[in-house]
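Colleague: Below you'll find the structure I mean.
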Amino acid sequence: MEGTIISVLMFLSPARTFWRIVKHGSTEDFESLPYICTLLSSLLWTYYGLTKSGEVVVAIVNGFGSLVEIIYVSLFLIYAHPKMRAKTGILVGILDVGFFGVAILVTQLAMDKDARINAMGFLGAGLNIIMYGSPLAAMKTVVTRKSVEYMPFLLSFFQFLNGGIWTLYAILVQDYFLMVPNGIGFMLGIAQLVLYAIYRNSKPCINKIVVSDSDALLEQGCQSERLITSSSSSH
């Protein structure tokens, strides 16, 4: 029961981020990759849970997660700038539609039930690791800006809890397909929280455009805001 609740909270944890996206009408510098990977992982684990006997809980939790992630990805497609929208659309088409569709066709047509369960377990395990590590895609932005603004704390925190709880569940039911990725996810969650702790109080760097007469001057700085000026051309 605890694992189910934590998983639901993990799926809902980015809600505040997406409320901000809808309110501002822009995805700003948020990355779509974590939500695309989580959607694919949830779809595969839903299929795994429906295929393997005694894993109804896995299917229900990840079925709910799939619906939530579809909403998140759809909002990215609506509010992202053209370059990010194109990138998101391509990744959704390749991973969430193409890869998932091929996985279902191959396992249904070319494998018996036991082989199907093993294949989906291996795929789900690998994608779970990617899902847990995907928020680290924002690491470059965090380090460059010296700010965790675009790495949501709640998502990292609940992924950390989710990894720990499902690792314990996997140990109890002796399901190694659940144990390995969630154990790795637990450790990756710790890494994300450490990164958050390092930069949470840092002053973010800013970029401003300063216009002086007919010249546009770029200002870059963290807190001192040094201005680099150039002499105007005589007319």
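The values are calculated or read from the model by the stated rules, or taken from the named source; none is laboratory data. Remember, it's a predicted structure, so these values are computed and weren't measured experimentally. Positions of Cβ are backbone-derived with ideal geometry, glycine not excepted, and every protein chain shown enters the neighbour counts. Areas reflect the complete protein model, heavy atoms only, side chains present, ligands, DNA and RNA absent. Shrake-Rupley method; radii C 1.70, N 1.55, O 1.52, S 1.80 Å.
Colleague: Which whole-angstrom value gives the distance between the alpha carbon centres of the range 2-38 and the range 47-122?
Modeller: Value for the Cα centre distance between the two parts: 17 Å.
Colleague: If you place +1 on the Cβ of every Lys and Arg and -1 on the Cβ of every Asp and Glu, how big does the dipole about the Cα centre of the range 1-119 come out, in debye to the nearest 20?
Modeller: The dipole of the range 1-119 has a size of about 320 debye.
Colleague: Give, in nm to one decimal, the length gained when the segment between ASN201 and VAL22 is fully stretched (0.36 nm per residue of separation minus the Cα-Cα distance).
Modeller: Full-extension gain reported as 61.8 nm.
Colleague: Taking only protein heavy atoms and a 1.4 Å probe, what accessible area per residue, in Å², does the range 16-136 have with all protein chains in place?
Modeller: With all protein chains present, the range 16-136 gives 47 Å² per residue.
Colleague: Working with all protein chains in place, sort THR167, THR107 by solvent-accessible area computed with a 1.4 Å probe, largest first.
Modeller: THR167, THR107
Colleague: Excluding ligands and nucleic acids, what accessible area in Å² is computed for LYS52 using a 1.4 Å probe, to the nearest 10?
Modeller: 60
Colleague: For TYR79, what accessible area in Å² do you get when you roll a 1.4 Å probe over the heavy atoms of the protein chains, rounding to the nearest 10?
Modeller: 60
Colleague: On to the next question. Using modelled amide H (1.01 Å from N, peptide plane; none on Pro or chain starts), what sits under 5 Å from the amide H of THR27, excluding residues fewer than 5 places away?
Modeller: Answer set, sorted by chain and number: ALA80, HIS81.
Colleague: Moving on to the next point. State the extension gain, in nm to one decimal, for the chain segment bounded by VAL143 and TYR176, taking 0.36 nm per residue of separation less the distance between their alpha-carbons.
Modeller: Fully extending the segment from VAL143 to TYR176 adds 8.4 nm.
Colleague: Also, quick follow-up: Rounded to a whole number, what % of the accessible area of the range 1-104 do carbon and sulfur atoms account for, probe 1.4 Å?
Modeller: C and S atoms contribute 74 percent here.
Colleague: GluC sites (Glu not before Pro) within the range 1-84: which are DSSP loop residues with at most 16 other Cβ atoms inside 10 Å?
Modeller: Answer by residue number: GLU28.
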